[in-house]
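Reviewing the structure listed below.
The values are calculated or read from the model by the stated rules, or taken from the named source; none is laboratory data. A quick note: this is a predicted structure, and the numbers were derived from the prediction, not measured. Glycine gets a Cβ as well: all are built from the backbone with ideal geometry, and neighbour counts include every protein chain shown.
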Amino acid sequence: MEHAINRRELLGHVAVGATAVAASGCQQASVADAPQKRPNVIFLFTDDQRADTIAALGNPAIKTPNLDSLAQRGFAFRNAYCLGGNSGAVCTPSRNMLLSGNTYFRWKDHVTPDNPRQKGMLAPGDPPSFPLSMKDAGYVTYHYGKKGNTAPLIQAKFDVNKYLSNDQEDRKYGEPGQTIVDDAIAFLKERADDRPVFMYLAFGNPHDPRVAAQKYMDLYQRDKIPLPRNYLPVHPFDNGEMTIRDEQLAAWPRTEDEIRRHLHDYYAVMSGLDFHIGRLLQALKDLGLHDNTLILFSSDQGLALGSHGLMGKQNLYDAGMKVPLIFAGPGIPRGQSDALVYLLDIYPTVCDLVGAPMPQGLDGLSVKPVIQGKSRTARDTLFLAYRHLQRAIRDDRWKLIRYPLINKTQLFDLQADPDETRDLAADPAHAARLEQMMAKLADWQKRLGDDAPLTSDTPKDPTFIPPTPEALEQLKTRGKAAKGKAR
C-alpha cells in the first residue's frame, strides 16, 4: 500500500486572449507521449466530495495519505467544477454529463410518458459515451458503482457492469469502498485478456449515510476539527431549496457542534475510503501494472456541510460545485493548475491522453495541453446552473450568482475572498462589472439553449424562516412517502 493509516472546447468557448490562469509547479521538461501500448485507465470517482478534502491539496485537518501520494506524483486541477444539475439529486446529471461529455441542456427536449415535464433526460439511441469510446479504442471496460446515478443507456456500454445498492455491506461494517476495491483487484488478478482495461469505480462515499469503522473515527478529535471558514448558522436568504432533503440533515440554526459532528463522520469516511483506494494502488504495483496505468480521481460534486449555513449540494457556491481532479500515471507531469475546467472535460481529455479517437461535437474539451504545460488556460469563463433556481458564471477572478425567483445577485472577488463571504453586488464601484458578468451569463444561456429566465416579474419574498422541529418532521415524513411512491 502506498501509505498505511496511522492510529472540445465547450461550444467554441475556449479562452482567447483571456487573462492567464496560473499553473504552478509544472515540470518544464516535455511530457512523453503515451506509451505504444495504450495504458490502463482507472477512474476513481467519489460521491459528494468537497474539493478541500485532500490533505496534500490544502487541508491539514484531514488524513488522506494515499490520495496525498496520488496528488503529489500527479497533476491536480484546483478549479474543477460540476456544471450543475437539473434536479435536487445533482449526482445523476453530474455523472451523465461526465460520461456523455455533454451538458444536460443537450437532453432537455427528451421527455418520458410518466414524466413529460422533466428536462435534461438522456435521449435513447447511441450517442457518444465515455465507455463506448474506450471500448472502440480496444479497451476492456469495467464499471462497479452506486446504483441509480447514471443513465442505463450509458452504463450498458460497459463490458462488465456491476452495481452496489447504496453500499449496504460497506456501510454495515464501516469500510467505505471495500466491496468495489475487492472486486476491482480480483478482476485485475484473474483476467486473461491482454487488452488494456478502462475501470470506472463509482464509489457511493462520502455521501450520507456515513458509517466509518472506529479506527477511522479515532483518527480525529471532533472538537478539534475546524469549521469551514464560511460557516454560518443560517443562510441569509431563501435560495429556493432551503428545505430540500439534504438541508433537513441538520436543524436550524446549524450549531458548531452539529457541523463538527457531520464533519467528523465525513472525514472518517474519507479516511476509510482513502485506505481502500490505497489497497488498489498497491495491488497495481504488485501486479506489475502501476507503471502503465493512468489513474484519475474526482467526484460528482461537493457538499456545503455548514458552509454558508447550508448542508447540501443544491447551490452554486464553490463548496457545492467545486471538486478535486487529479491525473497521475505515464506521461503525466507533477504539478497543479488554476485553469477553469469541467468534469465533462475528463472524457475527451482521457481519449486525447491515451490516443483514442475523440467524438466530434462534445461540449467537453481536452485539457491535455494544460496538463502538458503547453497552455495555462482552458476557458475564460465557466457557467453553472441549478434547476431553474440559480445561475452563475465565474472567470479567473470574479464570480456572479443569480437567483431569478427573488431577483437577487451575488458578486464575489475570488482572489480576495475565495470563501465567498463578502457579497459586492450592491457596491457601486462594481456596477459595471456586475453588468458585464450578467451579460456573459445571458450569452452562455443562449449558447447552451438554457431558457430559464434570469428575472422574475413577480419575485418571491427572499426571507427564509427556518421550519420548527415539528414542521421539519412533517417535511421528512412527506419526503419518505414521496420516495416510496417513486419506487
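Data table
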read-out: Odd one out for Leu188, checked against (1) crowded, with 18+ Cβ neighbours inside 10 Å; (2) within 25 Å of the chain's Cα centre (by Cα); value: (2)
read-out: Top-ranked residue of region 89-108 - restricted to ones that are farther than 20 Å from Phe45 by Cβ and touching a Lys or Arg at 6+ places or on another chain (Cβ under 8 Å), ranked as modelled with the highest pLDDT; value: Trp107
read-out: Where a residue in region 413-427 is under 18 Å from Gly320 (Cβ atoms) and its partner, wherever it lies, is in a loop (DSSP other than H, G, I, E, B), with Cβ under 7 Å and at least six apart; value: Leu414/Arg397; Asp419/Arg229; Asp419/Asn230; Glu420/Asn230; Glu420/Tyr317; Thr421/Asn230
read-out: Asn161 being among the polar types (S, T, N, Q), under 30 Å from Ser129 (Cβ atoms) and either assigned to a loop (DSSP other than H, G, I, E, B) or in contact with a Lys or Arg (Cβ under 9 Å, 6 or more places away or on another chain) (or both); value: no
read-out: Test: residue in region 384-400 that is assigned to a loop (DSSP other than H, G, I, E, B), in contact with a Phe, Trp or Tyr (Cβ under 8 Å, 6 or more places away or on another chain), at pLDDT 95 or above and β-branched (Val, Ile, Thr); value: no
read-out: Yes/no for Leu362 being surrounded by 16 or more Cβ atoms within 10 Å (Cβ to Cβ) and modelled with pLDDT under 95; value: yes
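Per-residue answers, yes or no, for (1) modelled with pLDDT under 95; (2) over 17 Å from Leu303 (Cα atoms); (3) surrounded by fewer than 15 Cβ atoms within 10 Å (Cβ to Cβ); (4) within 24 Å of the chain's Cα centre (by Cα):
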{"position": "Pro196", "(1), (2), (3), (4)": "no, yes, no, no"}
{"position": "Gly204", "(1), (2), (3), (4)": "yes, no, no, yes"}
{"position": "Ala212", "(1), (2), (3), (4)": "no, yes, no, yes"}
{"position": "Leu219", "(1), (2), (3), (4)": "no, yes, no, no"}
{"position": "Asp223", "(1), (2), (3), (4)": "no, yes, yes, no"}
{"position": "Arg229", "(1), (2), (3), (4)": "no, no, yes, yes"}
{"position": "Asp246", "(1), (2), (3), (4)": "no, no, no, yes"}
{"position": "Val269", "(1), (2), (3), (4)": "no, no, no, yes"}
